[in-house]
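Presented below is the structure to which this report refers.
The values are calculated or read from the model by the stated rules, or taken from the named source; none is laboratory data. Please read these numbers as outputs of a predicted model, since none were measured by experiment. Counting neighbours? That spans all protein chains shown, and the Cβs are built from the backbone with ideal geometry, glycine included. The protein model used for the area step is the full one, side chains on, heavy atoms only, and it has no ligands, DNA or RNA in it. Shrake-Rupley method; radii C 1.70, N 1.55, O 1.52, S 1.80 Å.
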Amino acid sequence: MSSFRVDDLRIIESTNTQVRRINVITAFIQLIGKRQVPSEILKKELENWSKKEAERNEKYKNATGKLTENDGSTTAFPKYIQLLSSIGLIRRTGNILSLTKQGKFVFNVFKDDQNNKHLHLFEKIIYLDLFLRYDADIIICIYNILYGSKNPMNQKAVQKQFKSFLVDRLSSKLKYSTTHTKSKVAERKRVIQVQWEKPESYAEHFVAPRLEWMSDLGIVEKINSGSNTTYQMTVQGTNFFNSFNRNIDFIDFTNEWYLNNFFRKSSILFEMDLKESSFNKCQLGKLLMLSSNFVESSGSFKLPVRETLFYVSLSMLILHKTIIESSELIAMLEEDIIHDNQVFGIKSSARINEGYITNKIK
């Protein structure tokens, strides 16, 4: 497949073994909200949340990655700040924390009354999107390790193999990288080979949180047996990764795959019951009007393409049980969409996050 190309290096650099809890990430987003909040105030608010969560949630109480332990603070707070910054959800200016445009979109989706009864599913699909866009190389590497094992593996066993699998992955990625990506991949490979003198120690901070994220998303099955915890791929998780763009045995998450497959494959991963239904310009117009409640405008009568299309597809999938991919929406927007005296169009870009949707009065 000579046309196969990978388009980016997707590795979250600043992870730590403590940042394992998706519900903690959600708590950060919900408590920051639309504020600009000093970090020490947010820390106290999150510690109060953590104590209450531990009282009502046995799983959280016994988990690694909590913000509190025995009424005291853990050291996890700044580690989560680094993670949320790395996946584009928060920004830090001095001691002040606030949500980014992407973070505000996630906050708005989570707090919407209509979405609340499906919050768990909204969370899963949103975090699946974020983790793949920013961290697919690490997640696919862990998939390759687990998929290649005949038996479930514990965390230490995955860590032992992690460096060699990651170096092999980056070597393969170099063969198919665009010019833009090649230098980033080569530099990351060089750093791992030169600086990882104790590879299992480095690997722990990559492997431990990803195994938990993948478990929460149903990609990996977590098997608890006494004091021993092992992990194996689920059938749905394996099928999901097998759908990625590939060249022989090398698979990668790319923008092309995302535009054409993300919601269809997500529905399979999360075993959603879908309706046989169509999607027309009238429905798109209504959802584009509604999207302004969730998406922060990037200028006068301009809506960011990625978040707007993601909201439309996400809403159709979860609330209406219908799949509509971003590529289909882009094609529909190439001709103006008219709804309620407003005209929507699209100004595309090679990178989806750089385009915008126009909104004019008819």
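Residue-by-condition table, conditions (1) over 20 Å from the mean Cα position of the chain (by Cα); (2) modelled with pLDDT under 95; (3) not in a helix (DSSP H, G or I):
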| position | (1), (2), (3) |
| --- | --- |
| S164 | yes, no, no |
| S172 | yes, yes, no |
| H180 | yes, yes, no |
| R190 | yes, no, no |
| V194 | yes, yes, no |
| E200 | yes, yes, no |
| R210 | no, no, no |
| M214 | no, no, no |
| N224 | yes, yes, yes |
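Name the one entry in T100, T15, T26 that is out of contact with any strand residue (DSSP E or B) (no Cβ under 9 Å at 6 or more places or on another chain) and at pLDDT 95 or above.
Going through T100, T15, T26 in turn, the sole match is T26.
Check whether at least one residue in the stretch 148-156 is outside any strand (DSSP E or B), at pLDDT 95 or above, surrounded by 15 or more Cβ atoms within 10 Å (Cβ to Cβ) and under 19 Å from the mean Cα position of the chain (by Cα), and report yes or no.
Checked the stretch 148-156: no residue is outside any strand (DSSP E or B), at pLDDT 95 or above, surrounded by 15 or more Cβ atoms within 10 Å (Cβ to Cβ) and under 19 Å from the mean Cα position of the chain (by Cα).
Sort out which residues of the stretch 263-282 are surrounded by fewer than 18 Cβ atoms within 10 Å (Cβ to Cβ), under 12 Å from H320 (Cα atoms) and out of contact with any Lys or Arg (no Cβ under 9 Å at 6 or more places or on another chain), and write them in order of number.
Passing the criteria: E276, S278.
When the stretch 1-55 is examined, which residues are found to be among the hydroxyl-bearing types (S, T, Y), open to solvent by 30 Å² or more (accessible area, probe 1.4 Å) and closer than 15 Å to L84 by Cβ?
S14 - this is the single residue of the stretch 1-55 that is among the hydroxyl-bearing types (S, T, Y), open to solvent by 30 Å² or more (accessible area, probe 1.4 Å) and closer than 15 Å to L84 by Cβ.
List pairs: first in the stretch 309-332 and on the phi > 0 side of the Ramachandran plot, second outside any helix (DSSP H, G or I) and open to solvent by 10 Å² or more (accessible area, probe 1.4 Å), Cβ under 9 Å, 6+ apart or cross-chain?
K321/M272; K321/D273; K321/L274; K321/K275; K321/S277
Name the pairs whose Cβ atoms lie under 8 Å apart, with the first residue in the stretch 78-99 and more than 14 Å from K44 (Cα to Cα), the second hydroxyl-bearing (S, T, Y) and in a strand (DSSP E or B), and 6 or more positions between them or separate chains?
I90/S98; R91/S98
Of all residues in the stretch 244-258, how many are open to solvent by less than 40 Å² (accessible area, probe 1.4 Å), more than 14 Å from L170 (Cα to Cα) and touching a strand residue (DSSP E or B) at 6+ places or on another chain (Cβ under 8 Å)?
So the answer is 4.
For the stretch 157-185, how many residues are free of Cβ contacts under 8 Å to residues at least 12 places away in the same chain and surrounded by 13 or more Cβ atoms within 10 Å (Cβ to Cβ)?
The total comes to 3.
When residues of the stretch 110-126 are filtered for being within 22 Å of M214 (Cβ to Cβ) and not aromatic (F, W, Y), how many remain?
8
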